[in-house]
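Here is the structure we will look at.
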Amino acid sequence: MRIIIRSKDVRLFIPVPLRLAGFAIACIPECAVREMQNALPAPYGKDINKKFLRQACRECYQVLRQYKGLEIINVTAQDGTYVSVRL
């Protein structure tokens with residue numbers, strides 16, 4: 001995944017391997033997971049936990065690799081700031 005941010009003062013290119021998504025999920029604090037559970041409707045909230053999120057990430061990894069180069073986010077502000085996220 002590539003994150004590109006361009007503005008008048010900053011030109012930033014951040015390569016992020018998809019494999020780091022599992023590590024990022026492991027770093028999510030439990031209080032944030034509880035907030036997600038509370039925000040979802042009753043039958044679905046109890047099913048969300050870190051184990052489920054890691055499993056979903058592992059299953060989606062192969063699919064995301066097939067769409068390499070797909071631009072997920074493309075935002076250009078009026079002041080010329082540009083943000084792009086590509087797989």
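The set of residues in region 61-84 being at pLDDT 85 or above, surrounded by 13 or more Cβ atoms within 10 Å (Cβ to Cβ) and among the aliphatic types (A, V, I, L, M) consists of 83 alone. State yes or no: is residue 64 of a type outside the set (Gly, Ala, Ser), closer than 28 Å to residue 82 by Cα and touching a residue at least 40 places away in the same chain (Cβ under 8 Å)? The answer is yes for residue 64.
Residues in region 1-60 that are β-branched (Val, Ile, Thr) and without any contact (Cβ under 8 Å) to a residue 60 or more places away in the chain were compared, and the one that is surrounded by the fewest Cβ atoms within 10 Å (Cβ to Cβ) is 10.
If only residues of region 29-87 that are touching a strand residue (DSSP E or B) at 6+ places or on another chain (Cβ under 6 Å) and hydrophobic (A, V, I, L, M, F, W, C) are counted, the one that is nearest to residue 3 (Cα to Cα) is 85.
The values are calculated or read from the model by the stated rules, or taken from the named source; none is laboratory data. Just so we're clear, the structure is a prediction, and the values are computed from it rather than from any experiment. Note that each Cβ is placed from the backbone with ideal geometry, even for glycine, and that neighbours are counted across all protein chains shown.
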